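First the structure, in the form of structure tokens, and then the observations on it.
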Amino acid sequence: METRVLEIRKGILNKNDEIARHLRQRLHHAGLLTVNLVSSPGSGKTAFLQRTLRTLREQGTPTAALVGDLATDNDARRLAEAGVPVKQINTNGRCHLEAQMIEDHLAGWNLNQFEYLFIENVGNLVCPSSYDLGEDLRVVLLSVTEGEDKPLKYPNIFNSADIAVITKMDLAQPCEFNLEAACANIRAVRPGMQIFATSAKTGSGMEEWLSCLQQHKQADFVTI
């Protein structure tokens, strides 16, 4: 029975990876840099993305976002306040987004009009690590309220990510958060990981984060 479960899971992931490959080609053809944001619930992911979207809009950069949740459209309504196109994906109990969900919810959008597509994944540090969504960058977020050892407890999601963002730095002092220890733990799991310490409330670290996105956009689409 155990072998059968493993075989079924492998088949599901293979199908997802196939869809993700085609989706990545489609998004690249449109010139889109796609960013998949993953974190635990309550990490400040929505606030961080909202500030990112608002800043890009103010800079005149066409941007869109998909947001995944088990239920409600609360986060999508919050992100829409940034003034960019947003669609909600309700997973109806699933603890992660899948490539097919992304493809389905892109319907009706002219992808050639955007430069960036952000995907806010379901709040979970386990399941999303296994599912490719056709993204260019997987960004894992860690808030100062979660503690410095979270990367050691959930190594798969940090190891599968390209960039780490530490959020809520405005609360670091009252939380007695050790930034140096957190960075060391992240890099113990993912050596050389690029890390940004940010606060969506104060804007600290956001300029560096946005500059990183621009660099990836230029590097990945230099010929487009």
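With +1 on each Lys and Arg Cβ and -1 on each Asp and Glu Cβ, how big is the dipole of the chain about its Cα centre, in debye rounded to the nearest 20? Write out the running numbers ahead of the final one.
Values: 23 positive and 27 negative charges, 43 e Å.
Dipole of the chain, to the nearest 20 debye: 200 debye.
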Exercise. Assuming a viscosity of 0.890 mPa s and a temperature of 25 °C, what translational diffusion coefficient in µm² per second does Stokes-Einstein assign to the chain, Rh being the Kirkwood radius over Cα pairs?
Worked result: 137 µm²/s
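Longer than 20 Å from Cα to Cα, which of LYS45/LYS168; LYS15/LYS45; LYS45/LYS201; LYS45/LYS150 are they? Say none if no pair is. Write down the numbers at each step before the final one.
Details: LYS45/LYS168 10 Å; LYS15/LYS45 28 Å; LYS45/LYS201 12 Å; LYS45/LYS150 16 Å.
Pairs exceeding the cut-off: LYS15/LYS45.
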For this session: Enumerate by residue number the GluC sites (Glu not before Pro) in the range 125-224 meeting two conditions: DSSP loop (anything except H, G, I, E, B), and at most 12 other Cβ atoms within 10 Å of the site's Cβ.
Result: GLU176
Problem set entry | Ranked list, fewest to most other Cβ atoms within 10 Å of each Cβ, for LYS201, LYS150 | LYS201, LYS150
For this session: Quick one: which residues, 5+ away or cross-chain, put their amide H under 5 Å from the amide H of SER204? H built at 1.01 Å from N.
Result: SER199
Seminar exercise, completed: Computed ³J(HN,Hα) along the range 70-87: with the Karplus parameters 6.51/-1.76/1.60, θ = phi - 60°, integer Hz and x for glycine or proline, the list is 5, 7, 6, 10, 4, 5, 5, 5, 5, 5, 5, 5, 6, x, 10, x, 9, 10
For this session: Return the whole-Å distance between the Cα centroid of the range 153-203 and the Cα centroid of the range 72-143.
Result: 21 Å
Problem set entry | Computed lengthening from LEU179 to HIS28, 0.36 nm per intervening residue step minus Cα-Cα distance | 50.8 nm
For this session: Return the FRET efficiency for the residue pair GLU81, ASN112: r is the Cβ-Cβ distance, R0 is 25 Å, and the value is rounded to the nearest 0.05.
Result: 0.50
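Provide the FRET efficiency to the nearest 0.05 for the ARG94-ARG57 pair, computing r from the beta carbons and using R0 = 22 Å. Please report the intermediate quantities before stating the final value.
Working: r = 30 Å, r/R0 = 1.37.
With a Förster radius of 22 Å, E is 0.15.
Values quoted throughout were computed directly from the atomic coordinates according to the rules given, and no laboratory measurement underlies them. As the structure is a computational prediction, the values presented were derived from the model and not from experiment. Don't worry about glycine lacking a Cβ; one is built from the backbone with ideal geometry, like all the others, and counts go over all protein chains shown.
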